[in-house]
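The values are calculated or read from the model by the stated rules, or taken from the named source; none is laboratory data. The structure displayed is predicted, hence computed values, not measured ones. Positions of Cβ are generated from backbone atoms using ideal geometry, with glycine treated the same way; all protein chains shown enter the neighbour counts.
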Amino acid sequence: MTRFARVFGGGKPVIAMVHLGALPGTPLYGGSLEEIVGAAADDLAALQAAGVDAVMFGNENDRPYELEVDTASTATMAYVIGRLRERITVPFGVNVLWDPMATVALAAATGAAFVREIFTGAYASDMGLWNPAAGRAMRYRDRLGARDVAMLYNVSAEFADSLDRRALPDRARSAVFSSIPDAVLVSGQITGEAARMADLEAVKRALPGTPVLANTGVRHETVAEVLRIADGCVVGSALKVDGHTWNRVDPDRARDFMDRARAARAAAGQGGPR
């Protein structure tokens, strides 16, 4: 059984984001760890009550973003997840933007089932030249005793343009061969912006045997079409009050989204994971 199947079971998972407030050491930090923990606890409860298949903790508000994060960010994320650990009832993952090594370390420390990051490629980005190394990150995962952690590779980086001029499906197919991800994710240009449906379709055609997920911008009105093509999705902004990334999770929007996702999976003859 693949790591992806071990984590998510059958069906097409909906992975919901728990966006943490800005962390200590970042410009937007509000000065209260308890507020960060409380907000994350409320969002986690709302998402699980809505029936999401998994959650992922991310530091989306640690702007301006860095390619090598401050140790305080990773440590604080571990603290917050540790505070919430007994309340988590679904598989959970982590993403320390935009640092693959910190992400892997956080997964090993917290017992996360999966990670998401940019692990392959070369990019010109808002943060400068971006040149991750999947081999280094995966070997680090194994050295930390976290070999079972599934690695989800985002192959179309947000806030960046690939310096590799091959077509996206070719880059994705090459990454699967060279760098053995457990799943491939397709993104839009920035957080909350949808991936082009044509890109999602093309990558899935190129990778019929690899899970391909939509990573950004999935909305209530598009989730059925996305799940027709993709093997799951990551969703954050659409579940927030007014659909705005920096707002708190709206329980009604989250339930409505999952109702639509379940209906789409049922129409395709697929139940949800587990």
Query raised in the report: Could you list, in sequence order, the residues of region 1-34 that are touching a helix residue (DSSP H, G or I) at 6+ places or on another chain (Cβ under 7 Å), assigned to a loop (DSSP other than H, G, I, E, B) and under 20 Å from ALA107 (Cβ atoms)?
Result: LEU20, LEU23
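Looking at region 4-23, is at least one residue modelled with pLDDT of 95 or more and over 19 Å from the mean Cα position of the chain (by Cα)? It would help to see each step written out before you state the result.
Our first condition is that a residue be modelled with pLDDT of 95 or more; within region 4-23, this holds for 4-8, 12-23.
If we keep only those that are over 19 Å from the mean Cα position of the chain (by Cα) as well, we get none.
No, because not a single residue in region 4-23 is modelled with pLDDT of 95 or more and over 19 Å from the mean Cα position of the chain (by Cα).
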Report summary line: Apart from one, (1) modelled with pLDDT under 95; (2) more than 23 Å from PHE8 (Cβ to Cβ) all hold for LEU129; the odd one out is (1)
Query raised in the report: Which residue pairs have Cβ atoms under 7 Å apart, sit 6 or more places apart or on different chains, and have a first residue in region 237-259 that is buried (at least 19 other Cβ atoms within 10 Å of the Cβ) and a second that is of a type in the set (Phe, Trp, Tyr) and assigned to a helix (DSSP H, G or I)?
Result: ALA238/PHE257; LEU239/PHE257
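Based on this model, can you work out whether GLY93 counts as closer than 18 Å to LEU239 by Cβ and either buried (at least 22 other Cβ atoms within 10 Å of the Cβ) or in contact with a His (Cβ under 7 Å, 6 or more places away or on another chain) (or both)?
Numbers: closer than 18 Å to LEU239 by Cβ: yes; either buried (at least 22 other Cβ atoms within 10 Å of the Cβ) or in contact with a His (Cβ under 7 Å, 6 or more places away or on another chain) (or both): yes.
In short, yes.
Residues checked against (1) under 27 Å from VAL203 (Cβ atoms); (2) in contact with a Gly (Cβ under 6 Å, 6 or more places away or on another chain); (3) not small (Gly, Ala, Ser):
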| residue | (1), (2), (3) |
| --- | --- |
| TYR65 | yes, no, yes |
| ASP70 | no, yes, yes |
| THR120 | yes, no, yes |
| GLY145 | no, no, no |
Query raised in the report: Take the residues of region 183-218 that are without any contact (Cβ under 8 Å) to a residue 40 or more places away in the chain, closer than 30 Å to ARG63 by Cα and among the charged types (D, E, K, R): which is surrounded by the most Cβ atoms within 10 Å (Cβ to Cβ)?
Result: ARG196
Report summary line: Taking region 49-77 and keeping only residues that are buried (at least 17 other Cβ atoms within 10 Å of the Cβ), closer than 29 Å to GLY272 by Cα and not polar (S, T, N, Q), one is left with ALA50, GLY51, VAL52, ASP53, ALA54, VAL55, MET56, PHE57, GLY58, GLU60, MET77
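Condition check ((1) part of a loop (DSSP other than H, G, I, E, B); (2) basic (Lys, Arg); (3) surrounded by 16 or more Cβ atoms within 10 Å (Cβ to Cβ)) across all residues:
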{"residue": "ALA105", "(1), (2), (3)": "no, no, yes"}
{"residue": "ALA108", "(1), (2), (3)": "no, no, yes"}
{"residue": "ALA112", "(1), (2), (3)": "yes, no, yes"}
{"residue": "ASP148", "(1), (2), (3)": "yes, no, no"}
{"residue": "LEU152", "(1), (2), (3)": "no, no, yes"}
{"residue": "ALA157", "(1), (2), (3)": "yes, no, yes"}
{"residue": "VAL176", "(1), (2), (3)": "no, no, yes"}
{"residue": "PRO181", "(1), (2), (3)": "yes, no, yes"}
Report summary line: The condition from (1) of a type outside the set (A, V, I, L, M); (2) at pLDDT 95 or above; (3) under 22 Å from GLU60 (Cβ atoms); (4) within 18 Å of the chain's Cα centre (by Cα) that ASP161 misses is numbered (4)
Requested in this report: Test each condition in (1) out of contact with any strand residue (DSSP E or B) (no Cβ under 6 Å at 6 or more places or on another chain); (2) within 18 Å of ALA109 (Cα to Cα); (3) hydrophobic (A, V, I, L, M, F, W, C) for ALA150 and report the one that comes out false.
Outcome: (1)
Query - Some residue of region 100-117 being in contact with an Asp or Glu (Cβ under 9 Å, 6 or more places away or on another chain) and among the polar types (S, T, N, Q) - result: yes
Query raised in the report: Name the pairs whose Cβ atoms lie under 6 Å apart, with the first residue in region 50-75 and under 14 Å from ILE36 (Cα atoms), the second hydroxyl-bearing (Ser, Thr, Tyr) and assigned to a loop (DSSP other than H, G, I, E, B), and 6 or more positions between them or separate chains?
Result: ASP62/THR26
Report summary line: Cβ pairs under 9 Å, 6+ apart or interchain, first in region 113-139 and under 27 Å from VAL90 (Cα atoms), second among the aromatic types (Phe, Trp, Tyr) and in a loop (DSSP other than H, G, I, E, B), ordered by first then second residue, are GLU117/TRP98; ILE118/TRP98; ALA134/PHE119; ALA137/PHE119; MET138/PHE119
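Among residues belonging to region 114-138 that are under 14 Å from PRO181 (Cβ atoms) and hydrophobic (A, V, I, L, M, F, W, C), point out the one that is surrounded by the fewest Cβ atoms within 10 Å (Cβ to Cβ). Give the steps one after another, and end with the answer.
Quick first cut of region 114-138, residues under 14 Å from PRO181 (Cβ atoms) only: 114-121, 132-135, 137-138.
Pick out the ones that are also hydrophobic (A, V, I, L, M, F, W, C) and you get 114-115, 118-119, 133-134, 137-138.
Numbers: PHE114: 25, VAL115: 27, ILE118: 27, PHE119: 24, ALA133: 14, ALA134: 20, ALA137: 23, MET138: 19.
Per the stated criteria, the residue is ALA133.
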